[in-house]
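Report on the structure given below.
The values are calculated or read from the model by the stated rules, or taken from the named source; none is laboratory data. Owing to the predicted nature of the structure, the values given are computational and were not obtained by experimental measurement. Cβ coordinates were reconstructed from backbone atoms using ideal geometry, including for glycine residues, and neighbour counts include every protein chain displayed. Note: accessible area is taken over every heavy atom of the protein model, side chains too, but ligands, DNA and RNA are not part of it. Shrake-Rupley method; radii C 1.70, N 1.55, O 1.52, S 1.80 Å.
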Amino acid sequence: MKKLVIATNNAHKLEEIREMLGDGYEILGLADIGCDVDIPETAPTIEGNAEMKARYVQEHYGLDCFSDDTGLEIDALGGEPGVHSARYGGVAHDSERNIDKVLRLMADVPLERRTARFRTAIALLQAGVLHRFEGRVEGRILTERHGTGGFGYDSIFQPAEGDGRTFAQMDAHEKNAISHRGRAVAALVEYLNSQP
Ligand code: ITT
């Protein structure tokens, strides 16, 4: 089986991606290769961050790697939190604080102006060659949390093409079918499966 490292420590993400990639690849997370550093993500764009993480793994571990970075782009906030999504509330990976900040900043924004999208950039470094993939999903930011599934901003994001539920009210399968990361990974999988 071919090995592929995903440059993440996010267990939710690892699980989602393993489920989508199926049996053709052995998917390893950073913990599986003994990497416990917080890989720098200091690029000004999600594309830059994805590439940065994939290059780090290839340089330090010599393994093919793909890395993804996601941003929630809220139109009424000028595209924020965007590349700052993980630590928008001031503390890294504290989703409750992140959501609180968004809801606070958007308290006076009417429904029709609450449009937003999740965008995922994937960088795949394979035998030293960089390949890029993207996925996005349009939707809007609700005024309060709905649902307890998923992670991150899922409880306040209502995808436009759904039935009114937030991502946090869907099971992983339903979410993956229309999500930003689901689509980016689908493009990646199509590419990987087209290879000999
Ligand atoms: P790694 O960098 O370790 O992979 P991360 O949690 O930082 O994990 P991302 O960089 O991909 O994940 O995403 C940045 C933030 O965007 C993340 O912390 C969440 O708050 C949010 N996010 C990403 N994907 C999401 C999703 O599917 N649903 C809701 N929020 C998401």
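Using a simple spin-label model with points 7 Å from Cα along the Cα→Cβ vector, what separation in nm is obtained for Ala43 and Arg87?
Spacing of the two 7 Å Cα→Cβ label points: 1.8 nm.
Evaluate the relative contact order of region 74-196 (contact order divided by residue number), counting alpha-carbon pairs under 8 angstrom at least 6 apart; express in whole percent.
Working: 200 pairs, mean separation 24.8, N = 123.
In percent, rounded to a whole number, it is 20.
How much length is gained if the chain between Ala177 and Thr143 is pulled fully straight, taking 0.36 nm per residue apart and subtracting their Cα-Cα distance, in nm to one decimal? Mind dumping the intermediate values first?
Details: separation 34, 0.36 × 34 = 12.24 nm, distance 2.47 nm.
Using 0.36 nm per residue and subtracting the Cα-Cα distance, I get 9.8 nm.
Given the DSSP H assignment, sum -39500 (n - 2.57) over each helix run of at least 4 residues in the chain and divide by its residue total; what's the result at 222 nm in deg cm²/dmol, nearest 500? Before the final figure, lay out the partial values.
Numbers: 5 runs with 59 residues, N = 196.
When only DSSP H runs of four or more count, the value is -9500 deg cm²/dmol.
Describe numerically, in nm with one decimal, the distance between label points set 7 Å from Cα along Cα→Cβ at Glu190 and at Glu59.
A separation of 3.2 nm, rounded to one decimal place.
With a 1.4 Å probe and every protein chain kept in, tell me what percent of the accessible surface of the chain is carbon plus sulfur. Intermediate results must be reported in sequence, preceding the final value.
On the way: 4720 of 9580 Å².
Result for the chain: 49 percent of the exposed heavy-atom area is carbon or sulfur.
Compare Leu30, Leu111, Leu103 in a GNM of the chain, Cα atoms joined below 10 Å, and give the one with the largest fluctuation.
Of Leu30, Leu111, Leu103, the most mobile in the Gaussian network model is Leu111.
If the viscosity is 0.692 mPa s and the temperature 37 °C, what Stokes-Einstein diffusion coefficient in µm²/s follows for region 100-196 when Rh is the Kirkwood radius over Cα pairs?
Working: Rh = 14.7 Å.
Value of D from the Cα-based Kirkwood radius: 224 µm²/s.
Quick one: if you stick a label point 7 Å off each Cα along the C-beta vector at Glu112 and Asp23, how many nm between them?
About 5.3 nm, to one decimal.
Tell me the volume per residue, in Å³, of the convex hull enclosing the alpha carbons of the chain.
Per-residue hull volume (Cα only) is 112 Å³.
For region 55-111, state the average projected area of the convex hull of the C-alpha atoms over all orientations, rounded to one decimal in nm². Present the calculation step by step, with values, prior to reporting the outcome.
Values: hull surface 20.7 nm².
Convex hull of Cα atoms, orientation-averaged projection: 5.2 nm².
Relative to the Cα centre, what is the charge dipole magnitude of region 67-152, using +1 at the beta carbon of each Lys and Arg, -1 at the beta carbon of each Asp and Glu, and rounding to the nearest 20 debye? Walk me through the numbers on the way to the answer.
Working: 12 positive and 13 negative charges, 5 e Å.
Charge dipole of region 67-152: 20 debye, to the nearest 20.
Over 14 Å, how big is the tail of the calculated P(r) for region 156-196, in percent of all Cα pairs?
51
Between region 167-194 and region 112-131, how many Å separate their Cα centres?
Distance between centres, Cα-based: 12 Å.
Whole-Hz ³J(HN,Hα) for each residue in region 44-54, computed from phi via Karplus 6.51 cos²θ - 1.76 cosθ + 1.60 with θ = phi - 60°, x for glycine and proline: what do you get?
Ordered by residue, 3J(HN,Hα) equals x, 9, 5, 4, x, 5, 4, 5, 4, 5, 5 Hz.
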